[in-house]
Every structure is written in structure tokens, then in C-alpha cells.
Amino acid sequence: MPPDHTERRVVVTGPPRQRSRTSSGYYRPRTEIDEQTTLGHTYVRSLMRTQLRAALTVFAILGLLVGPLPLLFAAMPDARRLEWAVLGFGLYAPLVLLARWYVRRAERNERDFIRLVEDR
């Protein structure tokens, strides 16, 4: 007579399964973005809009700062040294400050977006 084979149960354990996001009322914005849903598209469009707003602000300030210079130089035809001084030295500091502000603003927008998208 063959040996008695008793049926053994094998229990496999692993990490606990997470509940469905929709059943608990909790959603993940990262999933929405990855799946390219309408909500995810809205998140990305919002980030792009804030980045565009910062870029247009810098462009407007730059236009107001540099735009009138040709008129100023045309009004003073004998001031060649002044032109070079203004273009070479006078605009350098404002351009650096504008660039610095823009980079800091863009990084802050991205940090805010990441904070929104990350799990809490």
C-alpha cells in the first residue's frame, strides 16, 4: 500500500495588497498623468501654463528694459561711449537678475508640481 499522502496547504505570504484607489476615494495624480487621463492632462497643462506665465513675465520685463534703448540712442547720436557702456555694463546686472529670478521661479513651480503629484 502506498504511503498516505496528506494534502498540505502552502501559505504564501507577501506584502499586503493595497486597496483599490477608487473604492477608498483616494486617487493618485501620478497615475492620472501616466495613464494620460483628462485629469492628468489638466495637471500637466497647469504646470506648463505656470511655466509659460513666468517666461512671458521675463520677456515683458526684458522688452520694457531693452526696447526703448534704440530710441534713446537715436536721440543722442554723439554718445557712442554711452551706448557701449549701457549695452556692455548697464544691462548685465538686470539680465542676470532676470535670469536668476526665472530659474528660481521655474524650479519652485516644478517643486510645487512634484509635491502635488507625490504620494502623501
* **Sites Trp84 and Asp112 - FRET efficiency at Förster radius 41 Å, r taken between beta-carbons, to 0.05** => 0.45
* Cα-based Kirkwood hydrodynamic radius, segment 38-120, one decimal, Å -> 15.4 Å
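Where a number appears in this text, it was derived from the coordinates with a stated rule and is not lab data. Everything quoted here is computed from the prediction, not taken from an experiment. We place every Cβ from the backbone using ideal geometry, glycine too, and count neighbours over all the protein chains shown.
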